[in-house]
Amino acid sequence: MTMKLDESLFTVPGVGRGLRFYVTGATPCPYLDGQMERKAFTHLNQSAPDTLHNQLSEAGFRRSQSVAYRPACPSCNACRSVRVDASRFSPSRNQARILKRNADLVRRPVAPKATREQFRLLKRYLVSRHEGGGMSDMGFREFAGMVNETPVQTLMFEYREGPEEDAPLVAVSLTDVLRDGFSMVYTFFDTRQPKRSLGTYLILDHIRSADDYGLPHVYLGYWIKQSPKMDYKRRFQPLEVLDGAVWRPLEEED
């Protein structure tokens, strides 16, 4: 069930007031016990979806298929939008080791078109990391919808153990290309190779790639200080947090 949301709560710089926002019904929060979550969303099926997507991303929205959303919880504001300052990023010693450990992987950008090979990797990832979660019973058709149904500039970054097209696929990132950076929509990887730390490596490689392309930021979605599942994002410094309408450095006291 959805209902019309007061548009005055979603004034986005550069976006006309005619854009309609909606809010979902309340459901249990997957990150904080005892909390209920609601999401505000709007559709990206506009005449200039990439322009709208850029503006909404800078205002803290995320994309899922043709929808842009952000939390709209009435009694909680724990979800904070964060992005890495790629131009100023310098890996820690541990992060440098992870980059070196994965130097054999070859990144290949491909069009956002779901494949059975990607889907098999996703299913193994979900069984290992998110069994019983909301995506655990996803079929190939739903996966194809998640990947293929994008009205904006999107790539799939495949990571393989070698340059051959049929080299083993070990990681995938569904990534939006914004005017000021990459937005990592969803990532999954081979959990049978824990020594690679592939989750961390995917973020590090996006930061490195963004800087190579002259893109200043990598958007990591929402950071929740109280959630161990989400607090890992703090390790990618310098990290910026959206505070109202302003992006500022994330401080130790945050």
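Every residue, every condition in (1) loosely packed, with under 15 Cβ neighbours inside 10 Å; (2) more than 22 Å from VAL147 (Cα to Cα); (3) hydroxyl-bearing (Ser, Thr, Tyr), yes or no:
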site: PRO30; (1), (2), (3): yes, yes, no
site: ASP33; (1), (2), (3): yes, yes, no
site: THR51; (1), (2), (3): yes, no, yes
site: ARG63; (1), (2), (3): no, no, no
site: ALA68; (1), (2), (3): no, no, no
site: ALA72; (1), (2), (3): no, yes, no
Exercise for the section: Give me the pairs, please: first residue somewhere in region 87-101 and in the same structural domain as TYR213 (by the TED database), second residue anywhere and open to solvent by 60 Å² or more (accessible area, probe 1.4 Å), beta-carbon distance under 8 Å, and either six or more positions apart or on two chains. Expected result: SER87/ASP211; PHE89/ASP211; PHE89/GLN237; SER92/ARG235; GLN95/ARG235; LEU99/ARG208; ARG101/LYS195
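Which members of region 78-93 meet the condition of being open to solvent by less than 80 Å² (accessible area, probe 1.4 Å) and closer than 30 Å to TYR31 by Cα? Walk me through how you get there before you give the answer.
Restricting attention to region 78-93, the residues satisfying the condition of being open to solvent by less than 80 Å² (accessible area, probe 1.4 Å) are 78-87, 89, 91-92.
Scanning region 78-93 gives ALA78, CYS79, ARG80, SER81, VAL82, ARG83, VAL84, ASP85, ALA86, PHE89, PRO91, SER92.
Return the total of residues in region 35-47 being at pLDDT 90 or above and in a loop (DSSP other than H, G, I, E, B).
Total satisfying the criteria: 3.
Mind counting the residues in region 223-232 that are part of a helix (DSSP H, G or I) and either at pLDDT 95 or above or exposed (fewer than 15 other Cβ atoms within 10 Å of the Cβ) (or both)?
First, the residues of region 223-232 that are part of a helix (DSSP H, G or I): 228-232.
Filter once more, keeping what is either at pLDDT 95 or above or exposed (fewer than 15 other Cβ atoms within 10 Å of the Cβ) (or both): 228-229, 231-232.
Counting residues in region 223-232 that are part of a helix (DSSP H, G or I) and either at pLDDT 95 or above or exposed (fewer than 15 other Cβ atoms within 10 Å of the Cβ) (or both) gives 4.
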Exercise for the section: Considering each residue of region 233-249, count those that are touching a Phe, Trp or Tyr at 6+ places or on another chain (Cβ under 8 Å), hydrophobic (A, V, I, L, M, F, W, C) and part of a loop (DSSP other than H, G, I, E, B), and give that number. Expected result: 1
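Among GLY181, GLY139, which is the only one that is modelled with pLDDT under 95 and either of a type in the set (A, V, I, L, M) or under 27 Å from ALA114 (Cβ atoms) (or both)? Spell out how you get there, then give the answer.
Values: GLY181 fails: modelled with pLDDT under 95.
Residue meeting the stated conditions: GLY139.
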Practice task
Could you name every one of the strands (runs of 3 or more DSSP E) located completely within region 103-222 that has at least 3 residues being outside the structural domain of LEU239 (by the TED database), among the hydrophobic types (A, V, I, L, M, F, W, C) and surrounded by 21 or more Cβ atoms within 10 Å (Cβ to Cβ)?
Solution key: none
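The values are calculated or read from the model by the stated rules, or taken from the named source; none is laboratory data. This structure is a prediction, so every number in the text was calculated from the model and none was measured. Every residue, glycine among them, receives a Cβ derived from its backbone with ideal geometry; neighbour counts consider all protein chains shown. We work out accessible area using only protein heavy atoms, side chains counted, and drop any ligands, DNA or RNA first. Shrake-Rupley method; radii C 1.70, N 1.55, O 1.52, S 1.80 Å.
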